[in-house]
Ligand code: PEP
Ligand code: MG
């Protein structure tokens with residue numbers, strides 16, 4: 001056995017290309033060759049690129065090399081030459097000097113309050129995520145073969161890329177592909193993936209992602225900035241494998257603590273799979289106040305700016321970024337002066353927040369004249385669940401179940417759904433939860449649509465999807481009915497157009513209930529409600545009301561469909577007018593239909609979470625609101641300070657207006673004269689006056 005100590009002299013440290021050279025040298029010898037940090041730590045196999053990379057050895061690191069075998073002397077000499085040579089790079093490659101990039105500012109629409117300073121994490125449309133499926137024992141061998149075949153394909157592709165690079169760019173550049181090839185041959189990486197498939201009964205895509213993410217996490221913790229950024233090498237390889245396995249799939253990104261998610265658009269299917277614990281903010285090219293990105297950001301309490309047009313194309317992962325939702329500002333590569341200003345602003349806000357009075361209040365909410373208003377919570381992803389009890393919601397008014405559909409193209413099993421709904425039932429407690437059947441299509445298209453639709457908002461959306469794909473709907477209904485034995489659950493049907501939709505859905509639900517009964521499976525009984533969010537449903541609300549147990553008013557879509565304005569398009573954001581008289585009349589008509597039929601009507605669109613709008617809703621007759629949990633305290637404070645009779649008088653006047661501008665002027669004037677202490681001018685809707 002021979003032992004020697006080497007110092008990493010290459011300016012870039014032992015990064016992927018250098019590590020590839022080490023491995024190439026080490027594998028030429030029969031002897032075993034191990035490396036370890038001189039200050040301690042595990043020794044690693046110098047023939048495994050992954051292990052060499054994991055040494056995270058930056059310039060100046062001392063490594064002990066141990067060779068053992070017939071050609072140990074020669075092996076260690078060769079290795080020594082490589083180290084003293086700076087991996088043949090010191091004269092060629094200089095550590096890239098940090099590039100001073102000019103500050104660039106972008107304007108969008110701030111949809112969730114706050115300022116965040118962080119690093120860009122680009123998410124490519126966020127749709128191509130890896131799904132998890134559970135394999136039967138008999139399927140494991142086939143899956144292992146599938147993985148190995150994909151591996152061979154990925155190697156062939158990469159070898160071709162490497163050869164092209166060597167020819168076009170020179171040998172030195174080709175080394176990076178060498179490193180990737182070595183990763184694809186790395187016993188540890190491949191062994192871990194195969195182990196995950198066999199032990200966890202996981203599909204290969206999932207196993208690759210889990211193992212890849214694990215490595216990326218380890219890599220991202222490396223102290224040296226330059227080396228840390230090389231985590232992209234591992235990710236590249238992971239992605240290549242995923243592509244080889246299943247077409248164009250991308251791995252989930254493990255978010256770093258200061259990640260600002262930058263995307264063209266974030267679809268629910270992407271959002272649901274994201275690890276939001278560390279996300280600081282969201283910035284997207286498209287979107288509006290009621291787009292799901294905005295709803296989620298508000299639910300999580302992180303700042304968000306949407307409608308930034310082609311910002312995504314301009315930002316790079318790792319770029320420094322500031323998101324300030326107040327003015328809808330996004331700043332890339334902030335100058336030291338800008339950075340300083342924002343840092344002090346963040347500090348000030350943190351202090352002022354910490355002295356704010358606590359938000360949690362309990363007990364029924366009553367207006368000054370004693371009208372009781374029920375406040376429920378809308379939830380989508382587990383990160384929001386904590387807010388339900390924290391903000392004193394009386395049950396879950398809307399669970400957007402389509403957020404479960406995150407597994408690119410693969411439906412969540414009935415059992416997995418059952419577990420999710422049972423958790424929701426438990427979370428909601430005695431007040432119960434309303435589970436909306438998958439509202440796929442439109443903004444929520446995800447991967448379920450066989451082919452893109454020409455006009456998704458008017459396409460196979462909401463209940464239409466379930467009525468056409470009966471097996472999917474039946475499985476969901478069964479899961480909800482089974483979970484209803486664990487707590488109080490109701491079902492709401494998304495985007496019904498008329499009584500016909502309700503009858504078809506009800507028949508299916510009743511059939512599933514009697515099937516469970518016959519099978520002797522534990523289940524509960526559920527109420528069935530209809531989302532009222534398209535004009536045809538409003539106009540026939542009286543007839544729908546006699547066929548359901550409750551209404552849910554989806555004001556986001558109601559505005560979109562009444563005004564024919566795409567809710568997720570920033571181009572027409574100026575036409576998305578919640579206070580349009582036609583919208584107010586629709587709400588009024590729907591609430592009246594519910595009252596006459598003696599059924600509850602819950603307003604669950606974003607309108608309910610905006611204090612001034614909530615007052616108008618009460619004025620129009622609403623007594624049951626459901627909103628993002630974090631909005632409950634501010635809506636509560638506002639409603640507790642008003643007299644519902646005043647609200648009614650103002651709402652009645654609004655119904656007579658001809659344009660949204662007229663309504664907004666009226667609201668400003670009346671609210672100011674009655675409740676200036678509750679509604680400062682800046683909290684009231686701003687008329688556009690013809691724009
Ligand atoms: C709505 O349309 O108002 C609603 C509550 O549902 P979503 O925003 O999910 O369409
Ligand atoms: Mg809707």
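In table form, for the structure just shown:
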item: Selection count where residues are more than 15 Å from residue 618 (Cβ to Cβ), within 16 Å of ligand 1 (Cβ to nearest atom) and assigned to a loop (DSSP other than H, G, I, E, B), scope segment 579-599; result: 1
item: Any hit, segment 530-553, residues being touching a residue at least 24 places away in the same chain (Cβ under 8 Å), within 16 Å of ligand 2 (Cβ to nearest atom) and surrounded by fewer than 18 Cβ atoms within 10 Å (Cβ to Cβ); result: yes
item: Residue 491 under 27 Å from the mean Cα position of the chain (by Cα) and away from ligand 2 (no atom under 14 Å from the Cβ); result: yes
item: Among residues of segment 246-266, those that are modelled with pLDDT of 65 or more and surrounded by fewer than 23 Cβ atoms within 10 Å (Cβ to Cβ), counted; result: 4
item: Tally, over segment 664-691, of residues that are closer than 25 Å to residue 572 by Cα, assigned to a loop (DSSP other than H, G, I, E, B) and free of Cβ contacts under 8 Å to residues at least 40 places away in the same chain; result: 4
item: Total residues in segment 628-649, condition outside any helix (DSSP H, G or I) and away from ligand 1 (no atom under 16 Å from the Cβ); result: 3
item: Near pairs, Cβ below 8 angstrom, 6+ apart or cross-chain, from segment 477-501 (free of Cβ contacts under 8 Å to residues at least 60 places away in the same chain and more than 15 Å from residue 553 (Cβ to Cβ)) to any residue that is more than 16 Å from ligand 1 (Cβ to nearest atom) and in a strand (DSSP E or B); result: 491/528
item: Those residues of segment 282-319 which are within 16 Å of ligand 2 (Cβ to nearest atom) and at positive phi, in sequence order; result: 287
item: Set 616, 625: member being in contact with a strand residue (DSSP E or B) (Cβ under 8 Å, 6 or more places away or on another chain) and not in a loop (DSSP other than H, G, I, E, B); result: 625
item: Some residue of segment 351-370 being more than 29 Å from the chain's Cα centre (by Cα), over 30 Å from residue 614 (Cα atoms) and at pLDDT 90 or above; result: no
item: Condition met for residue 327 (modelled with pLDDT of 85 or more, surrounded by 17 or more Cβ atoms within 10 Å (Cβ to Cβ) and under 27 Å from residue 387 (Cβ atoms)); result: no
item: Qualifying positions in segment 600-612 - within 16 Å of ligand 2 (Cβ to nearest atom) and not in a loop (DSSP other than H, G, I, E, B); result: 601, 602, 603, 606, 607, 608, 609
item: Test for residue 560: is it on the phi < 0 side of the Ramachandran plot, modelled with pLDDT of 95 or more and more than 16 Å from ligand 2 (Cβ to nearest atom); result: no
item: Set 459, 487: member being farther than 18 Å from residue 403 by Cα, at pLDDT 95 or above and either within 15 Å of ligand 1 (Cβ to nearest atom) or touching a helix residue (DSSP H, G or I) at 6+ places or on another chain (Cβ under 6 Å) (or both); result: 487
item: Odd one out for residue 212 among (1) modelled with pLDDT under 70; (2) assigned to a helix (DSSP H, G or I); result: (1)
item: Subset tally (residues that are closer than 22 Å to residue 627 by Cα, out of contact with any helix residue (DSSP H, G or I) (no Cβ under 7 Å at 6 or more places or on another chain) and part of a loop (DSSP other than H, G, I, E, B)) for segment 281-302; result: 1
item: Within segment 520-537, considering residues that are within 16 Å of ligand 1 (Cβ to nearest atom) and in a loop (DSSP other than H, G, I, E, B), the one farthest from the chain's Cα centre (by Cα); result: 534
item: Residue within segment 554-574 that is within 16 Å of ligand 1 (Cβ to nearest atom), free of Cβ contacts under 8 Å to residues at least 24 places away in the same chain, more than 14 Å from residue 591 (Cα to Cα) and part of a loop (DSSP other than H, G, I, E, B) present; result: yes
item: In segment 568-600, residue farthest from residue 661 (Cα to Cα) [restricted to those that are within 30 Å of the chain's Cα centre (by Cα) and surrounded by fewer than 16 Cβ atoms within 10 Å (Cβ to Cβ)]; result: 571
item: From 478, 503, residue being more than 16 Å from ligand 1 (Cβ to nearest atom), within 17 Å of residue 415 (Cα to Cα) and over 24 Å from the mean Cα position of the chain (by Cα); result: 478
item: Residue in segment 40-55 that is surrounded by the fewest Cβ atoms within 10 Å (Cβ to Cβ), counting only those that are assigned to a loop (DSSP other than H, G, I, E, B) and either in contact with a helix residue (DSSP H, G or I) (Cβ under 6 Å, 6 or more places away or on another chain) or free of Cβ contacts under 8 Å to residues at least 40 places away in the same chain (or both); result: 40
item: Scope segment 7-30; condition buried (at least 20 other Cβ atoms within 10 Å of the Cβ) and either touching a strand residue (DSSP E or B) at 6+ places or on another chain (Cβ under 7 Å) or without any contact (Cβ under 8 Å) to a residue 24 or more places away in the chain (or both); matching residues; result: 8, 26
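Results for (1) more than 16 Å from ligand 2 (Cβ to nearest atom); (2) crowded, with 18+ Cβ neighbours inside 10 Å; (3) closer than 17 Å to residue 551 by Cα, shown as yes or no for each residue.
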position: 477; (1), (2), (3): yes, yes, no
position: 480; (1), (2), (3): yes, yes, no
position: 487; (1), (2), (3): yes, yes, no
position: 496; (1), (2), (3): no, yes, yes
position: 501; (1), (2), (3): no, yes, yes
position: 511; (1), (2), (3): yes, no, no
position: 520; (1), (2), (3): yes, no, no
position: 524; (1), (2), (3): yes, no, no
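The values are calculated or read from the model by the stated rules, or taken from the named source; none is laboratory data. Computed from a prediction, not measured in an experiment: that's the story for all the values here. All Cβ positions, glycine included, derive from the backbone under ideal geometry; neighbour counts span all protein chains shown.
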